[in-house]
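Below you'll find the structure, written out as structure tokens, and then a few comments.
A short reminder: the numbers here are calculations on the coordinates, not readings from a lab. Because the structure is a prediction, the values reported are computed rather than measured.
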Amino acid sequence: MAFVGASVMGAQTRRSQSTCGVRMSMNADDAQVSRRQMLSVAAAAVAAFGVARGANAEMEYEGVMYLGGSDKIDVNNANIRAYTKYPGMYPNIAREIVKNGPFESVDDVLKIETLTATQKSVVEKYKNNLIALPSRPEYVIDKLNNGLYR
């Protein structure tokens, strides 16, 4: 029943002339586009948009080994738990390093005013195991809490 009603309604409507300014026709009178022109336009489009460039993303941070995976620790990017390797550094000295960074050099760690003389001697003991690389935002955010609770 629904189909019959739709066909009856379609029969009652009248077609009106299109008023759109753009018309498509197959007449021979219309301007023709040559195959050569069409291919050159297509080739230009492929050249402009189709050539993919390689991503310039950094695949791996070259200082990742200093975040706790080697005998040296980066004082500007390493997580506070990386200092557990060295007795006396974790948690108090490590907390002060994390809070007071970034540092230009390892010697700047010894200039932290809140470190006691005893703590400075511990830092001096492990000074050869510390390195000060440029601070990286993707690691700085995890210096105090990296979300590993075990």
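Structure notes:
- The string of couplings for the stretch 76-81 from the Karplus curve (6.51, -1.76, 1.60, θ = phi - 60°) is 9, 10, 6, 5, 4, 6 Hz, one whole number per residue in order, with x for Gly and Pro.
- For the stretch 94-106, backbone phi angles converted through the Karplus equation (6.51, -1.76, 1.60; θ = phi - 60°) give residue-by-residue couplings of 4, 4, 5, 5, 5, 6, 9, x, x, 10, 6, 8, 5 Hz, Gly and Pro being listed as x.
- Working note: Karplus 6.51/-1.76/1.60 with θ = phi - 60° gives the stretch 117-123 the couplings 5, 5, 5, 5, 5, 5, 4 Hz, where Gly and Pro are set to x.
- Taking amide H positions as modeled 1.01 Å from N, with prolines and chain starts lacking one, the residues under 5 Å from residue 131 and 5 or more places away or on another chain are 73, 74, 75.
- Prolate/oblate/rounded call for the stretch 94-136, Cα gyration tensor, a/c under 1.5 rounded: oblate
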